[in-house]
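K.L.:
If you scroll down you'll find the structure; I have some questions about it.
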Amino acid sequence: MNTGLGLSFWRVVNEEGSNGWAQIYARIPFDDKELIDKGALLGVVFDENMENWAERDAEQMAWVEEYFNKLEFLGDLGDFGKRWEEKFPNLNGVWVWVSYPDGKREMRIARWGMVKVVLTRNQQEYDFAERLLPGKVVKGNISSGDKIVVLVGKIKEEIFGKLSVATEEDVRRWNRELIEENVAAAGLVLNFNELLEQEPKNIVIEEYTEKNNKVSEVNDRKLVLDLAEDKLVGPIGWREKLINKWLEFRPVEQKGLVHGGMIPKRKRWSMFLGVLFLLLLVVSLITGSIKMKRTAEQKKWLSFSEPIEKNLLEAKGLVSINSTGAKKLIEDARSAFDKGKNQFVSGKYNKEVSGLERIINDGWMEVSGEKESQIEEILRIDLIRQGFKGNRLGLQDKNQLLILDTAMGIVATAEIKTKDIKVVAGKGEDLGWLDTAVGGNKIVVLNNDGIRNAISGVDLIKFDSAVAKPEVLGSFGGNLYVLDQGNKEIYKYAAVGESFGDRIRWLKQDQTMSSEPVDMAIDSDVWVAYEKGEVEKFRRGLKESFSLSGLPIDIKVQRVAVETDGVKLALLDTGHGWVVMCSKETGICNQVLKSSRLTEATDIEFDGQGNLMVLVGGTVGVMK
């Protein structure tokens, strides 16, 4: 990425890995004056603690942004580092501040924790890591052709050794390798090129000075000399001509001319021109007032719109480096817009308000991956029974779906390829069926009292009093798993021949859910979703280090689905008509699929080919 100050840089980064998380921060003003005044602040950060890392990453980015924006001129890296370490302790990081004081480029560097810093000058490498004491700032001049490599996290020595001579293709390949090896690291290669200096243009301001004009007295008649100063001089407009005319016909005593016959006529002229002058004065006051009002309104609009536009511009430049930070900037811009737009919607700037809102929406779509989607209908399940719409959707095998309508008490199977739909169980309208799954070779249904064979009606499991509020039924390896929403527990019923064993608390002794769950999905792991968008991953009863990042701030989740053999995870929000697509491996959510039909959806599920199926309005469709 190219910047001002003759600086270009490449980044090598994988935000999340088995060893922790890493991030790159780049605060480079877009305004040339601000860039010269403040310089550019760049940093790399690494932390082994994965707990809520995405939230801490966003918080750190916002803190750096706030600190930098408060500055009027070049900041103190020592003060910045001290405050940063107090706010975010126990992090490994390097911060570099590039500035341009007195016409020369300077650089300040400070580090904390285990880092690598190498300067390449005149084809000689200098290792700064050992010389940099934690928290101490090193300052030096920059020469054209200098190259600085800063790195945190885990990276191959062979890569680090080649960073100073890397090409853009090398950087792309190393980024791919970090992701494939599931290693978190962040590195910057700063290249300082020739800086073309421009001489400032001299602006000459001439000062205007008034001269005092003296009026002489002649004899006892006290005649006022008819001087040029009695008229308005300079550019003459129609208003100035009228005023000069007024001065010509003012009372004759001022000119010492006594002529009785001229006085009444001149008085009439004086009165007429006096009234005209007053009218011109009133008009001038009114137009001046209108102009002042317009100026104040323009100033008010600029103070509202410019910070929003600045956030949008910075988010656009940040999206390829830190998508979470870019989303935070857009969210802040939208919040400021919603808070202040009402004062302009009915005034002069109503069109500008609409245009700014459109830019915000376009910016959000760019950084969040939002797009309008279609639901391609593949099955009409309402044709087999009138009123059959379905509430729960499951996968019996790669090409066969399992559909439950809790109100009608009907379970049906549907072949995706042949579109063959069959009712396999009915007459459950008064039995309170909640969910369905395949246990071994049986189709089973869940209600508040237990689990039964959907086809034969035989009770397979009777719940004891420990089960408070069963909500979701899942299966894996022939065993059944029940999500108890009331107790925030998962119970396992192991397959024993043609029946199932006793209830087993699947979560380990010290493991708990963070809040009340709304849905559960199972591949080789168990994924539990919560209303506010949090998803927890459990493996063999233990909570794994996993969190989602990049979710819309106001998401409200009803259903979760995971791809059995792939990496996709989907969240359904019927209130907004969204399906948010995320990665099971990284937790990054990079797509928001929107459709008005999703407001009527009741469940989602991935088929064996990775297509996302949607149960909506008596049909099953595929998200496109």
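K.L.:
So what is the diffusion coefficient of the stretch 77-180 in µm² per second by Stokes-Einstein at 25 °C and 0.890 mPa s, using a Kirkwood Rh over Cα pairs?
P.N.:
D = 162 µm²/s.
K.L.:
Please report Trp433, Trp364 as a ranked list, fewest other C-beta atoms within 10 angstrom at the top and most at the bottom.
P.N.:
Trp364, Trp433
K.L.:
If you put +1 on each Lys and Arg Cβ and -1 on each Asp and Glu Cβ, how big is the dipole of the chain around its Cα centre, in Debye rounded to 20?
P.N.:
2880 debye
K.L.:
Normalising by the residue count of the chain, find the relative contact order in percent from Cα pairs under 8 Å and 6+ residues apart.
P.N.:
Working: 1177 pairs, mean separation 57.9, N = 624.
The value is 9 percent.
K.L.:
Out of residues 5 or more away from Glu429 or on other chains, whose amide H comes under 5 Å of its own, with H placed 1.01 Å from N in the peptide plane?
P.N.:
Here the answer is none, since no amide H 5 or more places off falls under 5 Å of that of Glu429.
K.L.:
Additional query: Beyond a 24 Å Cα-Cα separation, which of these cross-linked pairs lie in this structure: Lys316/Lys341; Lys469/Lys556; Lys300/Lys327; Lys417/Lys624?
P.N.:
Lys300/Lys327
K.L.:
Please give the FRET efficiency for Ser596 paired with Ser8, using the beta carbon to beta carbon distance and R0 = 51 Å, rounded to the nearest 0.05.
P.N.:
FRET efficiency, Ser596 to Ser8: 0.70.
K.L.:
Can you grab the distance from the C-alpha centre of the stretch 305-333 to the C-alpha centre of the stretch 82-159, Å, no decimals?
P.N.:
26 Å
K.L.:
Tabulate in residue order the Karplus-calculated ³J(HN,Hα) for the stretch 594-608, using 6.51 cos²θ - 1.76 cosθ + 1.60 with θ = phi - 60°, rounded to whole Hz; enter x for Gly and Pro.
P.N.:
10, 7, 5, 6, 5, 5, 9, 5, 10, 6, 9, 7, 8, 8, x
K.L.:
Rounded if a/c is under 1.5, else prolate if a/b beats b/c, else oblate: with a ≥ b ≥ c from the C-alpha gyration tensor eigenvalues square-rooted, which is the stretch 259-368?
P.N.:
prolate
K.L.:
Counting only helical runs of four or more DSSP H residues, what would the 222 nm mean residue ellipticity of the chain come to if each run contributes -39,500 (n - 2.57) and the total is spread over all its residues? The partial results should precede the final answer.
P.N.:
Numbers: 9 runs with 159 residues, N = 624.
Counting only the DSSP helices, I get -8500 deg cm²/dmol.
K.L.:
Which one of Ile490, Ile555, Phe463 is farthest out on the positive end of the charge dipole of the stretch 372-623, using unit charges on Cβ (Lys, Arg +1; Asp, Glu -1) and the Cα centre as origin?
P.N.:
Of the candidates, Phe463 comes out farthest on the positive side.
K.L.:
Select from Trp364, Ser270, Leu312 the residue farthest towards the positive end of the dipole of the stretch 259-368; place +1 on Cβ of Lys and Arg, -1 on Cβ of Asp and Glu, and compute about the Cα centre.
P.N.:
Checking the options against the dipole of the stretch 259-368, the answer is Ser270.
K.L.:
Tell me which lysines have Cα within less than 28 Å of Lys162's Cα, excluding those fewer than 8 residues away on the same chain?
P.N.:
Excluding near neighbours in sequence, the set is Lys116, Lys136, Lys139, Lys147, Lys154.
K.L.:
Full extension from Asp332 to Leu280: what is 0.36 nm times the residue separation minus their Cα-Cα distance, to one decimal in nm? Intermediate results must be reported in sequence, preceding the final value.
P.N.:
Working: separation 52, 0.36 × 52 = 18.72 nm, distance 4.88 nm.
Gain on stretching Asp332 to Leu280: 13.8 nm.
K.L.:
Follow-up. Separation of the stretch 527-602 and the stretch 361-412 by C-alpha centroid, Å?
P.N.:
Centre-to-centre (Cα) distance: 16 Å.
K.L.:
Let me ask another. Looking at Phe344, Val444, Ile381, which one has the Cα that reaches farthest to the positive end of the dipole of the chain (charges on Cβ: Lys, Arg +1; Asp, Glu -1)?
P.N.:
In the chain, that residue is Phe344.
K.L.:
Step through the residues of the stretch 131-146 one at a time and calculate ³J(HN,Hα) from phi using the Karplus curve (6.51 cos²θ - 1.76 cosθ + 1.60, θ = phi - 60°), rounding each to whole Hz and writing x for Gly and Pro.
P.N.:
7, 7, 6, x, x, 8, 9, 10, 10, x, 7, 10, 10, 4, x, 5
K.L.:
Still on this structure, I have one more. Taking amide hydrogens as modeled 1.01 Å from N in the peptide plane, which residues meet the under 5 Å criterion relative to Arg392, leaving out close sequence neighbours?
P.N.:
Leu404, Thr406
K.L.:
Continuing with the same structure: Calculate the dipole size of the stretch 444-535 relative to its Cα centre from +1 charges on Lys and Arg beta carbons and -1 charges on Asp and Glu beta carbons; express the result in debye to the nearest 20.
P.N.:
Approximately 160 debye in magnitude.
K.L.:
Which of these values of Rg and Dmax of the Cα atoms in Å was calculated from the structure shown: (1) 35.6, 123; (2) 37.4, 136; (3) 36.0, 110?
P.N.:
Here Rg and Dmax of the Cα atoms in Å agrees with entry (2).
K.L.:
For the stretch 308-383, what does the alpha-carbon gyration tensor say about shape, rounded, prolate or oblate, given a ≥ b ≥ c as the root eigenvalues, a/c under 1.5 as rounded, and a/b over b/c as prolate?
P.N.:
oblate
Each value in this text was obtained by applying a stated rule to the coordinates, not by laboratory testing. This one's a predicted model, so the numbers in the text were calculated from it and none came from an experiment. Neighbour counts are summed over all protein chains in view; Cβ atoms, including those assigned to glycine, are modelled from backbone coordinates with ideal geometry.
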